[in-house]
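Here is the structure we will look at.
Here, each number is a calculation from the coordinates, and none is a lab measurement. Because the structure is a prediction, the values reported are computed rather than measured. Ideal geometry is used to build each Cβ from the backbone, glycine not excepted, and the neighbour counts take in all protein chains shown.
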Amino acid sequence: MKKILKTTQPYITSYQGIANLLTILQNYPSTKHWIFNNYIQLIYYENINNNYLHNMTGAFFDLETGIPLIGHYSYCPFMHTAQMDREVMHSGWSSFLEFIKALVDLDYYIMMWLNQTYIPCSSDYLKKHGENPILIYGYDDQEKIIYTTGFYRDGKFGFETIHYLDILQAEKNLINPNEYIQTILTARYNNNLTFPFDMSEFLLFLNDYLYSKDHTNRFYYIKDKKYFYGLMYYDKLIEQVLMQKKCDIRLLHILVDHKIMMGYRLEYFKSENILASKQFHMLYKTNETLIRETTIIQNFAMKQNYTSTSGFWEDHALLIFKKKVKQLKKADRLFTKKLYDTLKNHL
């Protein structure tokens with residue numbers, strides 16, 4: 001038997017959770033209105049205790065729901081989802097492979113964490129134990145392989161196959177007892193739905209981004225994280241780099257993806273006649289400049305991380321970084337305000 005569910009290269013690849021959802025949704029044209037109504041806002045958060053995987057980090061606002069262990073698939077109207085503890089899988093199926101085949105045969109994608117040291121296409125293969133999330137979207141009994149997406153070669157998002165024997169070892173030998181890592185999510189595309197673009201809601205999120213706030217109050221019940229929104233992301237990025245004297249490069253990967261996503265959104269606005277040709281070209285050109293400048297900062301940070309002999313940046317590099325990020329924030333504010341003012345006319 002062999003079955004492979006639909007996937008495609010996602011717009012956003014800096015976070016596996018978002019990449020997983022988009023690699024499914026982008027196959028279906030009817031989802032484009034929902035996609036471009038989302039992925040606008042950025043968040044930066046600091047953990048108050050040690051119950052999370054990272055001390056401090058950034059993300060797209062959409063990644064979190066405000067409810068622990070519940071992923072953003074749950075509020076995507078196009079997905080039927082079910083979540084279970086790993087123990088449920090082991091008690092309900094004769095083997096991990098039978099679980100995969102049964103779910104894929106029912107058109108369910110599977111999101112779960114595996115120990116990367118047992119996965120040959122991973123940068124951590126036979127080097128160190130560590131869990132990363134993957135998406136399973138198919139299997140082939142003749143070749144004895146599982147079709148997956150994940151952060152594999154050089155830590156970059158990609159599509160890879162994993163042999164049955166390897167994936168069994170990767171699932172069997174999880175080390176981290178974190179409840180999040182022990183959770184399995186299954187999701188099936190719901191094609192009986194239409195979702196119109198909501199300009200009013202889009203502008204609310206765009207305004208939130210401009211003024212560093214959250215009109216949804218989504219994280220009201222999360223008391224062990226402190227959240228910062230929108231353009232304040234730049235300030236917290238500078239603060240973290242100056243404090244640690246190095247850069248968590250993931251924060252810049254997210255920022256680059258944020259600008260790239262805006263480019264796709266502008267193209268969508270033009271195709272839907274939301275933006276006139278002249279408006280589109282002006283905004284698109286400005287956004288391309290933002291992408292270029294963000295990528296320059298990203299490359300600068302990666303170079304400093306790689307070439308620093310002490311593991312920490314020199315003071316002059318920190319000053320250059322601070323100046324560049326402040327300039328980028330100013331340019332982003334001007335662009336976002338222009339976009340907001342232009343789109344207000346469509347209400």
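State the volume of the convex hull built on the alpha-carbon positions of the chain, expressed per residue in Å³ and rounded to an integer.
142
Residues whose amide H falls under 5 Å from that of Cys121, counting only those 5 or more places apart or on a different chain, are absent, with hydrogens built in the peptide plane.
The residue among Phe151, Ala102, Thr117 whose Cα reaches farthest toward the positive pole of the charge dipole of the chain, with charges on the beta-carbon of Lys, Arg, Asp and Glu, is Phe151. Remark: region 31-47, residue by residue, has Karplus-estimated 3J(HN,Hα) of 8, 4, 5, 5, 4, 7, 7, 10, 6, 10, 8, 10, 10, 10, 9, 10, 7 Hz, where x stands for each Gly or Pro and the curve is 6.51 cos²θ - 1.76 cosθ + 1.60 at θ = phi - 60°.
Computed from backbone phi with θ = phi - 60° and the Karplus coefficients 6.51, -1.76 and 1.60, the 3J(HN,Hα) list for region 273-286 is 6, 7, 10, 6, 4, 5, 4, 4, 5, 5, 5, 5, 4, 5 Hz; x is used for glycine and proline.
What the pair-distance distribution of region 123-187 shows, using all Cα-Cα distances binned every 10 Å from zero, is 18, 54, 27, 1 percent.
For the chain, the relative contact order comes to 21 percent (Cα pairs under 8 Å, sequence separation of at least 6).
Near Ser212, the amide H atoms lying under 5 Å from its own belong to Leu231, Met232; only residues 5 or more places off or on other chains count, and H is placed 1.01 Å from N. When the alpha carbon coordinates of region 229-336 are projected onto the principal axes, the ranges are 53, 21, 20 Å, largest first.
Backbone phi angles across region 68-73, fed through the Karplus curve with coefficients 6.51, -1.76 and 1.60 (θ = phi - 60°), yield HN-Hα couplings of x, 6, 9, x, 6, 4 Hz in residue order; Gly and Pro are listed as x. All Cα-Cα distances of region 156-236, cut into 10 Å bins from zero to the largest, leave 11, 21, 27, 28, 12, 0 percent in each bin in turn. Here the translational diffusion coefficient of region 41-128 follows from Stokes-Einstein with Rh set to the Kirkwood radius across Cα pairs; for 10 °C and 1.306 mPa s it amounts to 98 µm²/s.
Each 5 Å bin from zero holds the following percent of Cα-Cα pairs in region 278-347: 3, 15, 21, 17, 14, 10, 8, 6, 4, 2, 1. Calculated on the alpha-carbon coordinates, the convex hull of region 77-156 measures out at 119 cubic angstrom per residue.
Can you give the calculated 222 nm mean residue ellipticity of the chain, where each DSSP H run of n ≥ 4 adds -39,500 (n - 2.57) and the sum is split over every residue, rounded to the nearest 500 deg cm²/dmol?
Details: 10 runs with 149 residues, N = 347.
It lands at -14000 deg cm²/dmol.
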